[in-house]
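> I'd like to ask some things about the structure below.
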Amino acid sequence: MLGNPKLQTNFQRPVTDFLRADIARIDADLTVEQALAEIRTRGLGVGIVYFYVTDATGKLLGVLPTRRLLTEALERPVREVMVPRVVAVPATATLLDACEFFVLYKFYALPVVDADRRILGVVDVGIFTEEVLNMEESSGDSDIFQTLGFHVEELRHASAGKAFRFRFPWLLATVASGTLCAVLTGAFAETLEQRIALAFFMTLVLGLGESVGAQSMAVTLQSLHSVRPSGAWLLGAIRKELLTATLLGLACAAVVTAIVATWQREFLTAVAIGLSLVGVMITASLLGLIVPSVLRMLKLDPKIASGPLTLGAVDLCTLTWYFGTAALVLR
């Protein structure tokens, strides 16, 4: 368990204490044929193998996937067939930092580099499974990475008091948003009295907003397992989500508008609810994407905090769109 003092001490040790020296290193100036010949002569270590491409000074330039090494033309230079972008752990990192890298990128081994990007060694999941976490040899790949997600494990094995302290602060976001929603509803009491149909469909609109927000949040949390969010990544994801959210909003608005117009026979009320739904769906989808992404960028646990923060913000924005649109259309 992570509550074990010895285990916690291991996590704070420098990652350089756990390096493997048997690096599968390939000189960038070789051809594929020369690289294969050198590998056969030198042999490979016993651990997990990735072929790292370096220059004469030992600087990490790229990684050469085994498939490319075996299938590319023999005369091609290694420099041309390698993958230039390599995830590497800085030598200043702790074992805890390296653990986060494994959970985030799902690689079985990672190179460790100094400030000049010279490769010092390799750290692999065997460090965690054999020396740190003492996992069973029968554990599957997904079990390894799930166990390395130590924040989840720490919560799962925490005492009731510790779990309470970890979760309760985030639930205060729901309390705060619920209070603001009540205040907002009270501010539009006159509008509700004049158009009673708005009260009938308020729960439906809130439910749709929360549903699409939860969908977007679930997709984002899954994506965060394999990417390291950045500003550029978030902008790209927002552009894609915006298109999807707009289509969802228009489709739901059309259906709900038809229902309101047919049942209540109030055309303006139906239009107001439909227009508000477009804004609600777009806003909820974007919140479901942005909130967990920003939490991850701030190094907070999005799995615990995203739900209360996202849904609380969605409810508040939903009522703002709902009553604001109704007040404009029905005045």
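> Could you give the length gained on full extension between Arg85 and Asp22, defined as 0.36 nm per residue of separation minus the Cα-Cα distance, in nm?
Result: 20.5 nm gained on full extension.
> Starting at the first residue of region 19-26, write each ³J(HN,Hα) from the Karplus equation 6.51 cos²θ - 1.76 cosθ + 1.60 with θ = phi - 60°, in whole Hz, x for Gly and Pro.
6, 9, 8, 7, 7, 7, 9, 10
> Right, something else. Considering only DSSP states other than H, G, I, E and B, which GluC sites (Glu not before Pro) in region 35-113 qualify as loop sites with at most 10 other Cβ atoms within 10 Å?
Glu75
> Counting other C-beta atoms within 10 Å, which of Thr220, Thr320 has the fewest, and how do the rest follow?
Thr320, Thr220
> Right, here's the next one. Averaging sequence separations of C-alpha pairs under 8 Å and six or more residues apart, then dividing by the length of region 160-330, give the relative contact order as a whole percent.
Reported relative contact order: 38 percent.
> Near the amide H of Lys106, under 5 Å away, which other amide H atoms are found, from residues 5 or more places off or on another chain, if H is placed in the peptide plane?
Counting only residues 5 or more places away or on other chains, the set is empty.
> For Phe323, what is the net charge nearby, where nearby means another residue's Cβ is under 13 Å from its Cβ and Lys, Arg count +1, Asp, Glu -1?
The answer is -1.
> Just rank Lys59, Lys299, fewest to most, by other beta-carbon atoms within 10 angstrom.
Lys299, Lys59
> Right, next: What distance in nm separates the simple spin-label points at Thr185 and Thr41, each placed 7 Å from Cα in the Cβ direction?
7.8 nm
> Go ahead and run the numbers for FRET between Lys106 and Leu330, Cβ-Cβ distance against an R0 of 41 Å, rounding to 0.05.
The calculated FRET efficiency here is 0.20.
No value in this document is a laboratory result; all are computed from the given coordinates. Values in this document were obtained by computation on a predicted structure and should not be read as measured data. We place every Cβ from the backbone using ideal geometry, glycine too, and count neighbours over all the protein chains shown.
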